Every structure is written in C-alpha cells, then in structure tokens.
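Everything below concerns the one structure shown next.
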Amino acid sequence: MFAKLRQFMQGRYGSDQLNTALVITVLVLSIINMFAHSPVVFALEVAVMLWAVYRMLSRKIQTRLRENKAFLSGWNKVKQFFARIKNRIKDRKTHVYMKCPECKAQLRFKRVKGEHGVRCPKCGAQFNVKI
Ligand SMILES: [Zn+2]
C-alpha cells in the first residue's frame with residue numbers, strides 16, 4: 001500500500017508551504033461555513049481544495065516551485081509587517097518611530113526629550129525631530 005502510494009507520487013510535486021496554506025484556508029472556510037451555510041463559501045472551499053490537490057499531483061515541478069516562491073515572498077512581507085508592529089509595541093517606552101519627510105522610510109529614535117538634528121540613513125536627508 002505504502003509502496004504503491006510512493007510509486008504513484010513518483011515525479012509528482014507533493015506538498016509545500018503554499019499547499020499547507022491552502023489546506024489551512026480550506027479548514028478556516030469550513031469552520032466559517034459551519035455557521036454561514038453559504039453555497040458560495042462551500043464552492044470556494046471545494047475550489048481551494050481542488051487547487052491544493054492539483055498542485056500536489058502536478059508533474060510541472062518548476063512551475064509549482066515558482067508559485068511557492070512567490071507565495072513565500074508575499075508571506076514574508078506579511079510576517080515582517082507584524083514583526084514591526086510587535087517591535088514597536090515592545091520598545092514604545094525607550095524609542096520613538098517617525099517617517100522620513102523625504103523618502104517616507106520608517107526611522108527609530110531613542111526617546112530622549114528635546115529637538116534633535118538627524119540624517120536619514122536611507123536617503124541622506126537632514127531634518128529636525130522633536131521628541
Ligand atoms: Zn529618508
């Protein structure tokens with residue numbers, strides 16, 4: 001049985017992070033639909049599940065790898081966004097966050113009262129910051 005499955009999966013893509021995310025999406029949708037009873041949500045559930053199965057059984061490994069890479073790149077942006085929020089909350093008592101008036105880069109300053117002349121490390125613009 002196990003050998004048969006292994007033989008069936010030979011040359012096929014299998015699972016990756018995107019497939020895991022798709023399965024989690026299906027689980028979340030089915031929990032939502034336990035309360036919503038919506039045929040639209042059910043159709044979406046089936047579509048996402050079929051997409052996950054299609055990706056798993058696909059023989060176009062390079063295409064699936066590219067899809068997963070694109071997914072991971074987007075997912076990392078989401079993770080970085082929440083990591084920045086977490087850091088801001090963590091050092092809210094010791095640091096102040098402001099945007100550069102020129103390039104809009106997020107800058108972090110030590111919380112020292114007074115007006116300070118600063119230079120943006122990204123674009124080199126000089127400006128005053130009042131804390
Ligand atoms: Zn700047």
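Throughout, read-outs are computed from the coordinates displayed, never taken from laboratory work. Computed from a predicted model, the values in this text were never measured in an experiment. Reconstructed Cβ throughout: ideal geometry from the backbone, glycine too, with neighbour counts over all protein chains shown.
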| Rounded if a/c is under 1.5, else prolate if a/b is larger than b/c, else oblate: which is segment 91-131, with a ≥ b ≥ c the root eigenvalues of its Cα gyration tensor? | oblate
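Let me have the 222 nm mean residue ellipticity of the chain computed from DSSP H runs of 4+ only, each contributing -39500 (n - 2.57), with the sum over all residues rounded to the nearest 500.
Numbers: 4 runs with 77 residues, N = 131.
-20000 deg cm²/dmol, from helical runs alone.
Going through the DSSP H helices of the chain, which span 24 Å or more along their own axis at the Cα atoms while scoring at least 1.6 as a mean Kyte-Doolittle hydropathy?
Values: long enough: 17-36 (28 Å, 1.84); 39-57 (27 Å, 1.72); 61-90 (42 Å, -0.80).
Membrane-span-like by this rule: 17-36, 39-57.
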| message | Only sites in a loop by DSSP and with at most 15 other Cβ atoms within 10 Å count here; which trypsin sites (Lys or Arg not before Pro) in segment 4-80 make the cut? | response | Arg12, Arg59, Lys60
| Amide H within-cut-off set for His95, under 5 Å, with H built and near neighbours excluded | Arg111
| note | In terms of the charge dipole of the chain, which places +1 on Lys and Arg and -1 on Asp and Glu at the beta carbon, the residue among Leu18, Cys120, Phe42 farthest towards the positive end is Cys120
| said: Rounded, prolate or oblate for the chain? Axes are the square roots of the Cα gyration tensor eigenvalues, ordered a ≥ b ≥ c, and the cut-off for rounded is a/c under 1.5. | reply: prolate
